[in-house]
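A.B. asks: This is the structure, below, for whatever I ask next.
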Amino acid sequence: MRAEAVALHGRFGEVIAGRLIELAAVSDEAGGLTRLYLGPAHRKAAAMVSAWMREAGMTVRLDAAANVVGRYEARPGATRTLLIGSHIDTVRNAGRFDGNLGVVTAIEVVRAASELSKRFPFAIEVVAFGDEEGVRFASTLGGSRALAGTFKAKALDEVDLSGVSRRQALLAFGCDPSRLGDEARSPDEILGYVEVHIEQGPVLEQEGLAVGVVTAIDGMTRATIEVDGVAGHAGTVPMSLRNDALAAAAEMLLAIETRARSRPNLVATVGKLEVPGAAANTIAGHARFSLDLRSPSDQERLAALSDIRDAVAAIAQRRGVAAGFLIGHEASAACCDPRLSDRLAAAVEACGVKVRHLPSGAGHDAMAFDRIIPFAMLFVRCRGGVSHSPAEFASPDDIDVAARVLATFLDLIGAPP
Ligand SMILES: [Zn+2]
């Protein structure tokens, strides 16, 4: 390996960390990082990223979905392209690593190759997506869906809080929404998509690993459970004669937790419990709670969902309450490509890190390519597993490992099988 990659050891981390600090200063709000799709900070960040891409030897364009696309040409005779990307939009009061890390890391890895005049048997396009977090408009992944060819034109009519439509915002940004369909990439032309992203969870930190290889982006079920009991006086109704909706909901919540704990690769969260008209001296007549169920395996998730429905019904029956189960949103898991993930794992190993495979509980641009373009993801350890917060942090050392893994991965997929 890869005299080049070894020679680059220790150089990437500080450079990337420094650029992330520069980029984090570009915000729609003073005193924190907020960068919404097609807003003023997005415009400035896109310009900054474009300049870095040019300096790194890429030709740059802003596509119809406001993705910044930097292209590094292949060695002569090659016809395919590898996409490497992540996003530069953020949540409100964000951390500086979510999304931005993947974009800046990709640029620096290309820069390192470019400085050595090194070309690959495929072109590289580094893509800075702008619409991953879905904060401004109702739908999300507008940028990556455009490349996947799955962007729905009706999303152009979505309006933000000020009544500005996605179409108007794109036009004001200098993009032509009528050309969105032209951004679709053909799987024949695209070798794959790779994304480096902070883990946004505590697993790698727990296991003392700088990076991990993603297996799949979790599928998800969201549901609302309505529990109807009988309201009553807290003093006069004997315990044996109650149909307490809140106590029933509490038991259901614990049953959900127990079911989720029974399997790895399954997480269930009741994040919201409401008791309309609640009072300290009233037995709750009605309670409502949310369910968020995720797994990298659709089979696991659907089996858990079925068990949870049965448990909720059994608890309701025993307690003499009614329980309604309303499914709100379902998405199947997006699996990483085994071949690309194998190469990524080999690159992790070559960089001296034990290979840890883990699912992603959060959504990412990569999932827009599910079943269209093969994709792989590398997670980077983040402190305390904290994300979507100014406290988000990945160390320059870990970032350095991630960049070296990406550089090594480029060599490995370029090599004959
Ligand atoms: Zn992200």
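The values are calculated or read from the model by the stated rules, or taken from the named source; none is laboratory data. Being a predicted model, the structure only gives us computed values, none of them experimental. Cβ atoms come from the backbone with ideal geometry, glycine included; neighbour counts cover every protein chain shown.
A.B. asks: Go through segment 309-332 and count every residue that is over 17 Å from Ala287 (Cα atoms) and touching a Lys or Arg at 6+ places or on another chain (Cβ under 8 Å).
C.D. replies: Of the residues in that region, 3 qualify.
A.B. asks: Moving on. Does Gly70 satisfy the criteria of being crowded, with 24+ Cβ neighbours inside 10 Å and away from the ligand (no atom under 16 Å from the Cβ)?
C.D. replies: Details: crowded, with 24+ Cβ neighbours inside 10 Å: yes; away from the ligand (no atom under 16 Å from the Cβ): yes.
When the stated conditions are applied, Gly70 passes them.
A.B. asks: Okay, next question. Check off (1) small (Gly, Ala, Ser); (2) part of a loop (DSSP other than H, G, I, E, B); (3) modelled with pLDDT of 95 or more for Gly10 and give me the number that stays unchecked.
C.D. replies: The number of the failed condition is (3).
A.B. asks: For the condition crowded, with 16+ Cβ neighbours inside 10 Å and within 17 Å of the chain's Cα centre (by Cα), what is the one hit in Val401, Val380, Val405?
C.D. replies: Numbers: Val401 fails: within 17 Å of the chain's Cα centre (by Cα); Val405 fails: within 17 Å of the chain's Cα centre (by Cα).
Answer to the selection: Val380.
A.B. asks: Tell me the residue from Arg242, Arg185 that is surrounded by fewer than 24 Cβ atoms within 10 Å (Cβ to Cβ), within 29 Å of Arg309 (Cα to Cα), more than 16 Å from the ligand (Cβ to nearest atom) and at pLDDT 95 or above, please.
C.D. replies: One residue alone meets the criteria, Arg242.
A.B. asks: Asn265 fails exactly one of the following numbered conditions: (1) assigned to a helix (DSSP H, G or I); (2) in contact with a strand residue (DSSP E or B) (Cβ under 8 Å, 6 or more places away or on another chain). What is the number of that condition?
C.D. replies: (1)
A.B. asks: Restricting to segment 188-215, and then to whatever is away from the ligand (no atom under 16 Å from the Cβ) and closer than 22 Å to Ile373 by Cβ, can you tell me which residue is surrounded by the most Cβ atoms within 10 Å (Cβ to Cβ)?
C.D. replies: Per the stated criteria, the residue is Val213.
A.B. asks: Among the residues of segment 240-260, which ones are more than 35 Å from the chain's Cα centre (by Cα) and part of a helix (DSSP H, G or I)?
C.D. replies: Ser240, Leu241, Ala245, Ala247
A.B. asks: Restricting to segment 43-66, what's the tally of residues that are charged (D, E, K, R) and in contact with a Phe, Trp or Tyr (Cβ under 9 Å, 6 or more places away or on another chain)?
C.D. replies: Number of matching residues: 1.
A.B. asks: Quick one: in segment 73-86, which of the residues that are out of contact with any Gly (no Cβ under 8 Å at 6 or more places or on another chain) and hydroxyl-bearing (Ser, Thr, Tyr) is surrounded by the most Cβ atoms within 10 Å (Cβ to Cβ)?
C.D. replies: Only one residue tops the list, namely Thr81.
A.B. asks: Continuing with this model, one more query. State all residues of segment 160-182 that are under 23 Å from the mean Cα position of the chain (by Cα) and either within 16 Å of the ligand (Cβ to nearest atom) or in a strand (DSSP E or B) (or both); if no residue qualifies, say none.
C.D. replies: Listed by number, the list is empty, since nothing qualifies.
Yes/no matrix, rows are residues, columns are (1) away from the ligand (no atom under 16 Å from the Cβ); (2) within 30 Å of Ala247 (Cα to Cα); (3) surrounded by fewer than 24 Cβ atoms within 10 Å (Cβ to Cβ):
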residue: Val353; (1), (2), (3): yes, no, yes
residue: Ala368; (1), (2), (3): no, no, no
residue: Ile373; (1), (2), (3): yes, no, yes
residue: Gly385; (1), (2), (3): no, no, yes
residue: Asp411; (1), (2), (3): yes, no, yes
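A.B. asks: Do any strands (runs of 3 or more DSSP E) lying entirely in segment 318-417 carry at least 1 residues that are in contact with a Phe, Trp or Tyr (Cβ under 6 Å, 6 or more places away or on another chain), and which ones are they?
C.D. replies: Hits in segment 318-417: 375-380.
A.B. asks: List every residue pair whose Cβ atoms sit under 6 Å apart, with the two residues 6 or more apart in sequence or on different chains, where the first one lies in segment 89-101 and is within 10 Å of the ligand (Cβ to nearest atom) and the second, anywhere, is in a helix (DSSP H, G or I).
C.D. replies: Every condition considered, the pairs that remain are Asn100/Leu20; Asn100/Leu23.
A.B. asks: Tell me which of these Ser50 doesn't satisfy, since it passes every other one: (1) surrounded by fewer than 24 Cβ atoms within 10 Å (Cβ to Cβ); (2) within 15 Å of the ligand (Cβ to nearest atom); (3) polar (S, T, N, Q).
C.D. replies: Tallying (1) surrounded by fewer than 24 Cβ atoms within 10 Å (Cβ to Cβ); (2) within 15 Å of the ligand (Cβ to nearest atom); (3) polar (S, T, N, Q), Ser50 fails exactly one: (2).
A.B. asks: I would also like to ask the following. What pairs come up if the first residue lies in segment 189-217 and is over 20 Å from Ile16 (Cβ atoms) and assigned to a loop (DSSP other than H, G, I, E, B), the second is within 16 Å of the ligand (Cβ to nearest atom) and not aliphatic (A, V, I, L, M), and their beta carbons are under 6 Å apart, counting only those six or more places apart or on different chains?
C.D. replies: Gly201/Gly385; Pro202/Gly385
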